[in-house]
Amino acid sequence: MAEYDVVGDVHGCLNTLHNLMDQLGYERSGRHSTGRRLAFVGDIVTRGAHSAETFDYIARLVGTGRASMARGNKDGAWAEGRPEEKWVSSFPLQLMLDDGRLLVVHAAIRSDLIGRVDEEAEHWCLRGGAEPDESGTEIRPDWQAMYDGDPFVVAGHSVVREPRFREAGGGSVVIDTGAAYGEKARDRFSGETFDGYLSALRWPERSIVSVPTHPDDLVAT
């Protein structure tokens with residue numbers, strides 16, 4: 001069984017990412033002494049103070065084969081019209097790892113969408129199947145409650161106060177713990193505010209490693 005560390009939405013928080021990598025035992029090159037590999041759920045840019053630097057750094061990790069990444073909705077929006085746009089568009093919507101046991105997506109998945117690359121699959125993988133209600137407010141279904149696929153799924157996109165594990169299907173976890181939001185992070189499900197931080201899921205252990213957001217990564221508001 002392969003060993004991975006799947007990192008939540010970094011959102012331009014490069015110093016925080018480096019601190020998390022230190023906690024996980026990675027060198028800055030992405031090398032790990034036991035051969036573990038990094039994977040990212042996407043949204044590596046925007047919100048935080050170091051989007052361009054974070055993009056370049058993770059791009060180098062991916063380019064050397066020491067990391068992999070699922071495409072996030074913010075990644076595509078940030079890269080649009082830039083030289084990086086073509087490269088971002090090459091990122092998979094669904095990153096299948098460990099011989100199909102582990103599936104990394106940015107936002108959400110349904111079992112019938114696994115392996116698909118059509119418009120509906122893209123909508124779910126990037127936007128979590130969100131649809132506007134009568135007032136125009138975006139409503140996202142609780143995809144974890146309805147998930148009945150075989151792979152264990154790791155996703156971001158929805159900010160949670162603590163990584164949100166669910167047992168339906170092969171299991172799932174949401175690990176966007178609001179790194180770039182500072183003290184204004186808000187849990188999507190409970191509405192509770194908290195100090196954002198960055199988290200990673202260790203696979204196959206299914207344990208969480210987290211670090212607080214580095215102050216230099218926050219954008220003053």
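Taking the Cα centre of the chain as origin, work out the dipole magnitude from +1 charges on Lys and Arg Cβ and -1 charges on Asp and Glu Cβ, in debye rounded to 20.
600
Could you identify which residue out of 126, 97, 17 has the top mean-square fluctuation in a GNM of the chain using Cα springs shorter than 10 Å?
97
Work out the FRET efficiency for residue 202 and residue 52 from their Cβ-Cβ distance, taking R0 = 25 Å, and round it to the nearest 0.05. Provide the component values of the computation, followed by the final result.
On the way: r = 29 Å, r/R0 = 1.15.
Using R0 = 25 Å, I get an efficiency of 0.30.
So the label point goes 7 Å from the Cα of residue 33 along Cα→C-beta, right? Which residues of the range 59-91 then have their backbone N under 12 Å from it?
No residue qualifies, since no backbone N sits under 12 Å from the label point.
What distance in nm lies between label points placed 7 Å from Cα along the C-beta direction at residue 142 and residue 184?
Using points 7 Å along Cα→Cβ, the separation is 2.8 nm.
Would you kindly derive the ³J(HN,Hα) couplings of the range 175-182 from the backbone phi angles with the Karplus curve 6.51 cos²θ - 1.76 cosθ + 1.60 (θ = phi - 60°), listing them in order in whole Hz, with x for Gly and Pro?
Computed from phi, the couplings for the range 175-182 are 10, 7, 9, x, 3, 8, 8, x Hz.
Starting from the Cα of residue 118, step 7 Å along the direction of its Cβ; do the same at residue 3; then give the gap between the two resulting points in nm.
4.1
Only loop residues by DSSP count here, and only those with at most 11 other Cβ atoms within 10 Å; note down the GluC sites (Glu not before Pro) in the range 66-99 that meet that.
Here the sparse-neighbourhood loop sites are 80.
In vacuo Debye scattering of the range 7-117, one point per C-alpha: log10 I(q)/I(0) at q = 0.10, 0.13, 0.19 Å⁻¹?
Log10 of I(q)/I(0), two decimals: -0.28, -0.47, -1.01.
Mind sorting 106, 157 by how few other Cβ atoms lie within 10 Å of their own Cβ, fewest first?
Fewest to most other Cβ atoms nearby, the residues stand as 157, 106.
Read-outs throughout are calculated quantities, based only on the coordinates presented, and are distinct from any laboratory measurement. What you see is a predicted model; the values in this text were computed from it and never measured. Every residue, glycine as well, gets a Cβ built from its backbone with ideal geometry; the counts of neighbours run over all protein chains shown.
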